[in-house]
1. Counting DSSP beta bridges in the chain, what percent are antiparallel, to the nearest 5?
2. For segment 27-41, what does the Karplus curve 6.51 cos²θ - 1.76 cosθ + 1.60, with θ = phi - 60°, yield as ³J(HN,Hα) per residue in whole Hz, taken in order and with x for Gly and Pro?
3. Which value in nm describes the separation of the simple spin-label points at ASP123 and GLU35, placed 7 Å from the Cα toward the beta carbon?
4. Can you run phi through the Karplus equation (6.51, -1.76, 1.60; θ = phi - 60°) for segment 58-72 and list ³J(HN,Hα) in whole Hz, with x for Gly and Pro?
5. Long-range amide H contacts for HIS228: which residues qualify at under 5 Å (H placed 1.01 Å from N, peptide plane, sequence gap of 5 or more or a different chain)?
6. If you wrap a convex hull around the Cα atoms of segment 91-214, how much volume per residue is inside, in Å³?
7. What nm value, rounded to one decimal, do you get for the distance between TYR236 and LEU186 when each label is placed 7 Å out toward the C-beta?
8. Of LYS165/LYS210; LYS86/LYS244; LYS210/LYS258; LYS19/LYS201; LYS163/LYS201, which ones are farther than 31 Å apart at the Cα?
Amino acid sequence: RKHSDPGGVTFYNDTLAEKLGREVWLRNKLARAIEHQELFLMYQPLISTKTGRPVSLEALLRWRVDGNLIPPDEFIPIAEQNGLIKSIGAWVLQQAFIASKKLNETHPGMIMGINVSLLQFQDEHFTQMISSLLHSVDAQPEYINLEITESAFSLEKHLLLTKIKQLQEMGFMVSIDDFGTGYSSLASILELTTNAIKIDKSFVDNLDTKGEIIIEAVIQIANRLGQHVVAEGVEYQWQADTLKQMGVHLIQGYLYAKPMTWPNLLQYLDEAHS
Ligand code: C2E
Ligand code: CA
Ligand code: CA
Ligand code: CA
């Protein structure tokens, strides 16, 4: 099944001056991106290793400006620097809630994963904001999984655990994203009260060397804690086979599907379930 890849990355080879100029330009443009309707979400399926079928999605933000797609790895940090991430993050939540609600009419139980920036998550009004968004859209939190990056471990522990608990009490699932890339030690996952752990692509890339040892340890601990384990960035069949055999529950990667537009997603899901 072939899908076009409007999520592809544009490469630039700029001098420093051009780079700084570009950043200023991007920052100014980004401030109006919502109002100019330049943002949209793409959706990447996550496949259950048990059934081989898509059971979950990740909403991934895209920004098209003057016909060019700017990769999120470039504009999210800019949005985080100047505070725009709050309005952009709220927009993402709203759009993904709407998508989740629509999707569950035809594909009940399909989980929608949404990336939440640490800056959003940290905001003292975050839980209140997300709760009112949820009610205005009338989506079901049971089908929504909030992905918080491992950098959340940099927060004070009590604060982190309290926020996670509040969100879970509202009905959301919460998972830790990019696990293994930063602040946490293996021991710190013992205290995690999230619903799932997403192992970073870098470990999947090194599955044939040391990545396997780490993934094995994470799976063992996660199983004991009753947490799901997700592997991202799976590109090869042998990786999927190994990860499945090791006990990973969900697999996300180009091997199965790239991020796709909403219409392509609906078509993909219809084909996957027929
Ligand atoms: P992430 O949360 O780790 O998302 C997974 C990234 O890996 C996505 O890149 C996805 O397209 C890519 N990916 C998935 N499978 C494969 C694969 O098999 N091979 C390769 N090479 N890549 C794969 P994307 O969409 O460019 O997003 C990059 C990052 O931008 C995300 O990493 C996330 O940190 C951030 N991001 C994206 N959307 C949002 C958003 O709505 N809010 C926030 N705060 N961050 C976002
Ligand atoms: Ca993510
Ligand atoms: Ca990730
Ligand atoms: Ca990542």
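1. Once the DSSP bridges in the chain are tallied, antiparallel ones form about 40 percent.
2. Rounded to whole hertz, the list is 4, 5, 5, 5, 4, 10, 4, 5, 4, 7, 6, 9, 9, 8, 9.
3. It works out to 1.8 nm between the two label points.
4. Listing the rounded values in order: 10, 7, 10, 6, 10, 10, 10, 10, 6, x, 9, 8, 9, x, x Hz.
5. HN-HN under 5 Å from HIS228: ALA196, ILE197.
6. 114 Å³
7. Simple spin-label model gives 2.4 nm for this pair.
8. LYS165/LYS210; LYS86/LYS244
Each reported figure results from applying straightforward, stated rules to the coordinates on display, with no laboratory input. No experiment lies behind these values; they were computed from the predicted model shown. A quick note on method: Cβ atoms are made from the backbone with ideal geometry, for glycine too, and the neighbour counts reach across all protein chains shown.
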